[in-house]
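Here the structure comes first, spelled out in structure tokens, and everything after it is commentary.
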Amino acid sequence: MYARDIGERRLDFGVSGKLIMNALVMFDRQTETLWSQFLGRAVEGPLVGTELTPLPAALMRWKSWRALHPDTTALDQGGVVIDAYSNYYLRPDAGVIGERNRDERLFPKTLVLGLVLPEGRKAYAHHRLADAPALNDRVGGRSVLIAWDGEARAAAAFAPSVEGRALTFEAADPAADGAARLRDRETGTIWAALTGEALEGELAGRRLEPLPAFAVFWFAWSDYFPDTLLYEP
């Protein structure tokens, strides 16, 4: 997800019908520039090279999202929504045009949290995070926190510090509705795993800074970032 503003100009986007390595290519209606949805960057046209500002987003169960954000606005498609891609998720074939970089460290359709930092790229398979719900990790020398909520089936990435104070995290007892919570070892503060909000304790009311990360199939991630690191317990 990205902000639509470029400087003081707000752009309106549509789907071009084109793909780059199986990923959507958007266009803006003001300049007809083409944009890579995966990279968040203009790849052809008057604004080529311009980058969109990423916004925090998460892929999770609707029930869990609604519990976190009860006043949310949702797109109503009307009636029961049937996922036409359910069989596609189970097959090893990759997208429409196949993989450019075949990386067999994971099954192609494995869902990963892909972390994009200036220090490097790293992927975290959802099924491996189930055994590490509070993962204190490092990417290119930078400390990162990867949080997992099994009830929501969702992961999030944060900078593990508050006002310059480094923190380390561990899993805490879940909330009454089952939402995952974390505890920092330095102060004992309790944090919401998917929002990074401090709920109880010395740091209550503070928030961890979210890091640019998104849920994506392994084959797409490794195609775009063939030198990616992979979390392996």
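The values are calculated or read from the model by the stated rules, or taken from the named source; none is laboratory data. Computed from a predicted structure; not experimentally measured. All Cβ positions, glycine included, derive from the backbone under ideal geometry; neighbour counts span all protein chains shown.
Of all the criteria given as (1) part of a strand (DSSP E or B); (2) at positive phi, the one not satisfied by Gly188 is (1).
Taken over the stretch 201-233, the criterion of being touching a Ser or Thr at 6+ places or on another chain (Cβ under 7 Å) and surrounded by fewer than 19 Cβ atoms within 10 Å (Cβ to Cβ) is satisfied by Gly201, Glu202, Ala204.
Entry remark, the stretch 137-158: residues being in a strand (DSSP E or B), surrounded by fewer than 17 Cβ atoms within 10 Å (Cβ to Cβ) and touching a residue at least 12 places away in the same chain (Cβ under 8 Å) number 2 in total.
Selection over the stretch 1-15 of residues that are charged (D, E, K, R), assigned to a loop (DSSP other than H, G, I, E, B) and modelled with pLDDT of 90 or more gives a count of 2.
Give the residue, chosen from Leu68, Leu52, Leu34, Leu24, that is closer than 24 Å to Pro212 by Cβ, loosely packed, with under 15 Cβ neighbours inside 10 Å and not polar (S, T, N, Q). Exactly one residue qualifies, and that residue is Leu24.
In the stretch 21-39, the residue that is modelled with the highest pLDDT out of those that are of a type in the set (A, V, I, L, M, F, W, C) and under 20 Å from Ser222 (Cβ atoms) is Val25. When Lys18, Lys63, Lys109 are checked against the criterion of being within 30 Å of Pro174 (Cα to Cα) and at pLDDT 85 or above, a single residue qualifies: Lys109.
Go through the stretch 34-74 and give me each residue that's more than 30 Å from Ala176 (Cα to Cα) and of a type in the set (Lys, Arg). Within the stretch 34-74, just Arg41 meets the criteria.
Among the residues of the stretch 166-174, are any surrounded by fewer than 17 Cβ atoms within 10 Å (Cβ to Cβ), over 16 Å from the mean Cα position of the chain (by Cα), assigned by TED's automatic domain parsing to the domain that holds Trp221 and among the β-branched types (Val, Ile, Thr)? Within the stretch 166-174, one or more residues are surrounded by fewer than 17 Cβ atoms within 10 Å (Cβ to Cβ), over 16 Å from the mean Cα position of the chain (by Cα), assigned by TED's automatic domain parsing to the domain that holds Trp221 and among the β-branched types (Val, Ile, Thr). Selection within the stretch 118-135: residues that are touching a residue at least 24 places away in the same chain (Cβ under 8 Å) and more than 16 Å from Val216 (Cα to Cα). The member of this set that is farthest from the chain's Cα centre (by Cα) is Asp131. The sole residue among Val96, Val116, Val81 that is closer than 28 Å to Leu19 by Cα, out of contact with any Asp or Glu (no Cβ under 9 Å at 6 or more places or on another chain), at pLDDT 85 or above and not in a helix (DSSP H, G or I) is Val116. Scanning the stretch 180-193 for residues that are under 15 Å from Ala155 (Cα atoms) and either crowded, with 22+ Cβ neighbours inside 10 Å or free of Cβ contacts under 8 Å to residues at least 12 places away in the same chain (or both) returns Ala180, Leu182, Trp191, Ala193. Scanning the stretch 7-48 for residues that are within 21 Å of Val116 (Cα to Cα), of a type in the set (Val, Ile, Thr) and out of contact with any Leu (no Cβ under 6 Å at 6 or more places or on another chain) yields Ile20, Val48.
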